[in-house]
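Taking it in order: structure first as C-alpha cells, then the write-up.
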Amino acid sequence: MSMHGARSSWMHRHPVAVAVVLIITSVILGQIILKLIRGGPEPTAELVATQNVSGVVSTSIGPGGRVLPLSVTDGSTVRLAGVPVYAATAPVTEIVSSPSGLLAVTDKSGTVSVVDSTQPKPPISQYRAPADATPVTAAISPDGRALAIALSNGNVLITTGGIELQRLPATSGTVGALIFSPDGASLAIGNSLGVVTVWHFVTQDLPAARFPQASGVTTLSFSPTGSQLLVGTANGQALLLDASSREQLRLLASTDLTSPVTAAAFSPDGKTLAVAGKGSAALWSPPRGLGDAPTARLAAPGEIRSLTFSGDARNLIVTDSSGTVQTWRIFTRGG
C-alpha cells in the first residue's frame, strides 16, 4: 500500500482525531492571522511606583536621561525633582520640555523663557510677546535651537535666541497645540476649529487637514519616525494621521468621551500609543485596526496633565492635577 493510501486509510479509521487536528490547526492559523492584523503583541501596563509632588505640571529629562517631575511652587518657581531651576517674574502659565532637557516657560507677563533644566542658571533666551497678543502655547525643536510660539491673534512665531526669525500665516481659531517633528524639519499646528496644519520649513508650505467629526485640537504627538501624527481633541477623540498626507489612519476611542484629551504620546520604539483624559489613560498598539478598543486602561486620581515614556520605552510616567506622579511598567502580552 502506498503512503498516500495508508494515510487515507488512517484518516477514515480515526475521523474524530482528524476533526480535532483540523480544529487545532484552524485555531492556530486564526491566531496568527489576527496577530498579523492587529500588529503583534499588545501593550499593557502595571503600576510600579507612586509619589506626590506638590504643584506638578509635567515631566522633563534630567541628568542621566531620567524622566523627572516638573513642578511650580509659589506660582512662579519652576522645580525639577524638587530642585529650583528657574524663577519667573510673573505667574507661570505653561511649561513644555524638549528631549534635550530644555524648557519653554511661559508666564503672565507675556514672556517665554528657554531654560536648561539640567543646569540651573539664567534663561538661555527670552521672547516678549507684543502688547496686542499673548502667548497661548509653545514648542521647542528637538535640537533646542528653535522655539515656536503661538499667539492669541492666531500667529505662530519661530524664534531663536529670543529673536523672531519667521512668522507663519495666521490660522483661524485659537492654536491649541504645537509640536516639532522629530527631525525638526516640520511644525504641526492644531487649532480650536479642529484643523491640523503642518508647516514644512524647506518647502515653506502649510497643507491642512480638517476633520469635521472632531472638535478643537488639544494635543499633538509625532511618532518617532515622524511618519504619523497623534491628535487629541476637546471632545475626547484621538485621531491617528499620516503626517505627510494628513489622511486619517485610525479613529481611536477615547478613555472618556465626555472629557477632552489632555495628553498623548508615542513610545520611543513606536510600539505603543498612550492617550489620556480626565482621570484615565489608555494604551494602543499603532498597527491595530480602525476603532479597536485599547489594550489597557490606566487610572489616575486627578485629570492627567502629561504622559512621558522613558527612553527605553519600558516605563510610562503619568502626572495629574492631584499632584500624583505614577510610574507604569509597560510590557506586552500575546507576544
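The values are calculated or read from the model by the stated rules, or taken from the named source; none is laboratory data. From a predicted model like this one, the values you see are computed outputs, not experimental measurements. For neighbour counting, all protein chains shown are included, and Cβ atoms are generated from backbone atoms with ideal geometry for every residue, glycine included. Ligands, DNA and RNA are excluded from the accessible area calculation, which covers all protein heavy atoms including side chains. Shrake-Rupley method; radii C 1.70, N 1.55, O 1.52, S 1.80 Å.
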Among what's in region 306-321 and is touching a residue at least 60 places away in the same chain (Cβ under 8 Å) and part of a loop (DSSP other than H, G, I, E, B), pick the residue that is most open to solvent (accessible area, probe 1.4 Å).
GLY311
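Conditions tested, residue by residue: (1) charged (D, E, K, R); (2) open to solvent by 80 Å² or more (accessible area, probe 1.4 Å); (3) part of a strand (DSSP E or B); (4) modelled with pLDDT of 90 or more.
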residue: MET11; (1), (2), (3), (4): no, yes, no, no
residue: ALA17; (1), (2), (3), (4): no, no, no, no
residue: ILE23; (1), (2), (3), (4): no, yes, no, no
residue: VAL96; (1), (2), (3), (4): no, no, yes, yes
residue: VAL115; (1), (2), (3), (4): no, no, yes, yes
residue: THR118; (1), (2), (3), (4): no, no, no, no
Enumerate the pairs (first residue in region 158-183 and more than 21 Å from VAL217 (Cβ to Cβ) and among the small types (Gly, Ala, Ser); second residue anywhere and crowded, with 20+ Cβ neighbours inside 10 Å and at pLDDT 90 or above) with beta-carbon separation below 7 Å, excluding pairs fewer than 6 apart on the same chain, so at least 6 apart or on different chains.
GLY162/TYR127
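Just name the residue that is modelled with the lowest pLDDT out of those in region 286-302 that are among the charged types (D, E, K, R) and over 15 Å from ARG329 (Cα atoms). Even if it seems obvious, please write down each step before you answer.
Within region 286-302, the first condition is being among the charged types (D, E, K, R), and the residues that meet it are 288, 292, 297.
The next check asks that each one be over 15 Å from ARG329 (Cα atoms); those that pass are 288, 292.
Working: ARG288: 56, ASP292: 67.
Result: ARG288.
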So, in region 74-93, how many residues would count as being farther than 15 Å from GLY323 by Cα, in contact with a Gly (Cβ under 9 Å, 6 or more places away or on another chain) and buried (at least 18 other Cβ atoms within 10 Å of the Cβ)?
2
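Conditions (1) aromatic (Phe, Trp, Tyr); (2) under 22 Å from the mean Cα position of the chain (by Cα); (3) under 26 Å from GLY311 (Cα atoms); (4) at pLDDT 90 or above, marked per residue:
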residue: LYS35; (1), (2), (3), (4): no, no, no, no
residue: GLY39; (1), (2), (3), (4): no, yes, yes, no
residue: GLY55; (1), (2), (3), (4): no, yes, yes, yes
residue: PRO84; (1), (2), (3), (4): no, no, yes, yes
residue: THR93; (1), (2), (3), (4): no, yes, no, yes
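Out of the residues in region 322-335 that are assigned to a strand (DSSP E or B) and of a type outside the set (D, E, K, R), which is modelled with the lowest pLDDT? Please lay out each step first, then the result.
First, pick out the residues of region 322-335 that are assigned to a strand (DSSP E or B): 324-333.
Next, only the ones that are of a type outside the set (D, E, K, R) stay: 324-328, 330-332.
Values: THR324: 94, VAL325: 95, GLN326: 95, THR327: 95, TRP328: 95, ILE330: 92, PHE331: 86, THR332: 77.
Looking at residues that are assigned to a strand (DSSP E or B) and of a type outside the set (D, E, K, R), I get THR332.
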Selected residue [more than 20 Å from VAL48 (Cβ to Cβ), modelled with pLDDT under 90 and in contact with a Gly (Cβ under 8 Å, 6 or more places away or on another chain)] from THR255, THR225
THR255
Would you be able to tell me the number of residues in region 76-94 that are in a strand (DSSP E or B) and of a type outside the set (A, V, I, L, M)?
6
Select from region 98-113 the residues that are farther than 21 Å from LEU151 by Cα and open to solvent by 70 Å² or more (accessible area, probe 1.4 Å) and list them in ascending order.
PRO99
Residue satisfying all of: in region 222-239; small (Gly, Ala, Ser) and open to solvent by 10 Å² or more (accessible area, probe 1.4 Å); nearest to ALA293 (Cα to Cα) among these:
ALA234
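Residue-by-condition table, conditions (1) buried (at least 23 other Cβ atoms within 10 Å of the Cβ); (2) at pLDDT 85 or above; (3) assigned to a strand (DSSP E or B); (4) over 18 Å from the mean Cα position of the chain (by Cα):
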| residue | (1), (2), (3), (4) |
| --- | --- |
| GLY173 | no, no, no, yes |
| GLY176 | yes, yes, yes, no |
| PRO182 | no, yes, no, no |
| ILE189 | yes, yes, yes, no |
| LEU193 | no, yes, no, yes |
If you scan region 129-146, which residues turn out to be hydrophobic (A, V, I, L, M, F, W, C), over 14 Å from GLU164 (Cβ atoms) and surrounded by 15 or more Cβ atoms within 10 Å (Cβ to Cβ)?
VAL136, ALA139, ILE140
Conditions (1) within 20 Å of THR93 (Cβ to Cβ); (2) without any contact (Cβ under 8 Å) to a residue 12 or more places away in the chain -> GLN119 fails only (1)
Yes/no for ASP269 being at pLDDT below 75, charged (D, E, K, R) and not in a strand (DSSP E or B):
no
Qualifying residues in region 147-171 (those that are farther than 22 Å from SER97 by Cβ and not in a strand (DSSP E or B)) - the one least open to solvent (accessible area, probe 1.4 Å)
GLY154
Yes/no for LEU283 being aliphatic (A, V, I, L, M) and either modelled with pLDDT of 90 or more or open to solvent by 30 Å² or more (accessible area, probe 1.4 Å) (or both):
yes
